[in-house]
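Working notes, structure below.
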Amino acid sequence: MPPITSRFPRSSGRAVPALAAVLALALSSGCTGGVARPPLDERVAATATPALRALYDQHIDWQPCPGDDGADPDTAVVRCATLKVPLDYADPGGRTIDVAVTEVPAADREHRLGALLLNPGGPGNSGVKMVRWGWKNYQGPLHDRYDLVGFDPRGTGDTVPVQCLDDSTRDEWDATDDPDYGRGRVLAEACEARHADLLPHLGTRDTARDLDVLRGALGERRLDFLGFSYGTHLGARYAEEFPERTGRLVLDGAVEHGVPTARLGIEQAVAAEDGFRAFAADCATEDGDSCPFGPDPAAAPQRLARFLDGLREHPLRTADGRTLTAALGWGAVLDALADGHQSWSGLRDAIEPAVTRGDGESLLALADSVYGRGEDGRYQSVADAFAAISCADGPPPPTDAELRPALAELAARAPLTTGHDPTGTLLVPDCRAWPYRSPELPQPVRAPGSAPVLVIGSTGDPVTPYAWAQRLAGGLEHGVLLTRDGDGHMAYYRSSCVRDAVAAYLVDGRLPEADTHCATD
């Protein structure tokens, strides 16, 4: 299973939810003394060639962002630019591409620590949008002391965006319940036809190298980084590639690639099944006879699953002539459940008219938001970037011989949420027909010689299971695990305790004590 921000990545960048109030981040009381930064290895072998050295030394020309007239004080502080990087790091003097970047300068210039680079996850979500429209989520110590810097990883946003399917094909691709449709093949052929030159150069290792060029161009000796979900994979790869240049890295909603793809898929499916069962049972418990899945908490999950599965044979027509299929219904529900119990009330309201009156409008609208479909029927490119980056990363998809026992285990451990499309659930995305894939095999990230890396996991995360954070932190030579007790994907936006610990490390270098647990707000 590839690293993802959500069960299905949203074009809006769900890793940056709005906070109800400004985050006033205080220093955590449960932390150890300051962590000294390791000396920087000045032997920058990667910049030895003149062409690459020139890219590290390039000047970033910050300008007002496109469309910003300066009237809105929230956006007037944001500056935008592009960074040139090699398409192929094996040929740094060849073709270059432009990486979109944005910056909000530190509020306390006198005590500025440097630049803090952020990534919202995906893969496929825009770091430029994350900072341009969401920088207030980091007010307090982070914005006071750091320039907040966002960037669009290659293949996403405004950095050589990958968009493979036209809108009508995407409609069919997202909605189909045809088991013979061959979703992986359809997408792979379309991406190869449009982006054959880019596909071999969209992997996370290439983006980690872009990150280091950006660090150099910003004038930073070390990288300070806050990454969410897939962003944890990017941060870990950076630490592996450039351990002597890591500063303070914080990785929230951790993913790891130390085990085969099928094993990751099973683990994620089991976590999603737990969230699904909890949601349906809570509806029955709290709402009784008014719950659309019935008043029996033990039976409610099966009843909801039967309804969603039944959309395969009995899809719901909507007022505009579109159809709510099982694929769209399941996609909407599983993605919404990534937010944990906070999503339950709104999700119940979206499902209720479909179950009780055959009115699929609300659930279809929720599916559209998941898949990035606008009211005009146009799609954003997040889903294609998600597949292109995930498949470029590997690890290799399972063989047929490996797939059979994995599907059997999936059916035993997550029967409700995977029965509608077992293979499609296990392989997200399905990279078996992809024209390019990394030769790398699954292995833990060690990053010997790096600075300490703060890894954050949530015990009830339905997207990046807690075991992934445990393994990532345990595999890193200098990994430190911080645990949030609670459901929902990622921890920073759900716990003031976590935010305090993140600020304490990024600003003062103070790490949490071993085995520190934070509660959900």
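Tabulated data
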| item | result |
| --- | --- |
| Unique residue being touching a Cys at 6+ places or on another chain (Cβ under 9 Å) and small (Gly, Ala, Ser) when the list is GLY184, GLY231, GLY157 | GLY184 |
| Filter result (over 14 Å from THR464 (Cβ atoms) and either open to solvent by 20 Å² or more (accessible area, probe 1.4 Å) or touching a residue at least 24 places away in the same chain (Cβ under 8 Å) (or both)) within segment 267-287 | GLU273, PHE276, ARG277, ALA278, PHE279, ALA280, ALA281, ASP282, CYS283, THR285, GLU286, ASP287 |
| Residue that is out of contact with any helix residue (DSSP H, G or I) (no Cβ under 7 Å at 6 or more places or on another chain), farther than 18 Å from GLY275 by Cα and open to solvent by 30 Å² or more (accessible area, probe 1.4 Å), where the choices are SER390, SER345, SER369 | SER369 |
| Pair list, Cβ under 6 Å, 6 or more apart: segment 389-410 residue more than 20 Å from GLY155 (Cβ to Cβ), other residue open to solvent by 20 Å² or more (accessible area, probe 1.4 Å) and not in a helix (DSSP H, G or I) | none |
| From ASP384, ASP339, residue being part of a helix (DSSP H, G or I), among the charged types (D, E, K, R), within 21 Å of VAL428 (Cα to Cα) and in contact with a His (Cβ under 8 Å, 6 or more places away or on another chain) | ASP339 |
| All strands (runs of 3 or more DSSP E) inside segment 429-521 with 3 or more residues being within 21 Å of the chain's Cα centre (by Cα) and either free of Cβ contacts under 8 Å to residues at least 60 places away in the same chain or crowded, with 22+ Cβ neighbours inside 10 Å (or both) | 453-460, 479-487 |
| Lone unmet requirement of (1) of a type outside the set (Lys, Arg); (2) part of a helix (DSSP H, G or I); (3) open to solvent by 10 Å² or more (accessible area, probe 1.4 Å); (4) in contact with a helix residue (DSSP H, G or I) (Cβ under 8 Å, 6 or more places away or on another chain) for ALA332 | (3) |
| Flag if ALA491 is within 12 Å of GLY253 (Cβ to Cβ) and not β-branched (Val, Ile, Thr) | yes |
| Candidates ASP224, ASP212, ASP152, ASP166 - the one that is open to solvent by 40 Å² or more (accessible area, probe 1.4 Å) and among the charged types (D, E, K, R) | ASP166 |
| Any pair with Cβ under 9 angstrom, 6 or more apart, that starts in segment 80-98 at a residue that is free of Cβ contacts under 8 Å to residues at least 12 places away in the same chain and ends at one that is part of a loop (DSSP other than H, G, I, E, B) | GLY94/LEU87; GLY94/ASP88; ARG95/LEU87; ARG95/ASP88; ARG95/ASP197 |
| Residue satisfying all of: in segment 355-365; surrounded by fewer than 22 Cβ atoms within 10 Å (Cβ to Cβ) and in contact (Cβ under 8 Å) with a residue 24 or more places away in the chain; nearest to the chain's Cα centre (by Cα) among these | GLU361 |
| Residue list for segment 407-426, filter: hydrophobic (A, V, I, L, M, F, W, C) and open to solvent by 10 Å² or more (accessible area, probe 1.4 Å) | LEU407, ALA408, ALA411, ALA412, LEU416 |
| Every residue from segment 349-358 that is within 16 Å of ASP309 (Cα to Cα) and touching a helix residue (DSSP H, G or I) at 6+ places or on another chain (Cβ under 9 Å) | ILE351, GLU352, ALA354, VAL355 |
| Subset of segment 80-103 (residues that are farther than 14 Å from ILE60 by Cβ, surrounded by 15 or more Cβ atoms within 10 Å (Cβ to Cβ) and aliphatic (A, V, I, L, M)) | LEU87, ILE97 |
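Results for (1) over 30 Å from LEU308 (Cα atoms); (2) out of contact with any Leu (no Cβ under 8 Å at 6 or more places or on another chain), shown as yes or no for each residue.
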{"residue": "LEU116", "(1), (2)": "yes, no"}
{"residue": "SER126", "(1), (2)": "yes, yes"}
{"residue": "LEU142", "(1), (2)": "yes, no"}
{"residue": "PHE151", "(1), (2)": "yes, no"}
{"residue": "GLY155", "(1), (2)": "yes, no"}
{"residue": "VAL162", "(1), (2)": "yes, no"}
{"residue": "TRP173", "(1), (2)": "no, no"}
{"residue": "GLY184", "(1), (2)": "no, no"}
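The values are calculated or read from the model by the stated rules, or taken from the named source; none is laboratory data. Predicted model, so just to flag it, every value in this text is computed and none were measured. Because the Cβ atoms are built from the backbone with ideal geometry, glycine has one as well, and the counts that use them run over all protein chains shown. For accessibility, only protein heavy atoms count, side chains too; no ligands or nucleic acids. Shrake-Rupley method; radii C 1.70, N 1.55, O 1.52, S 1.80 Å.
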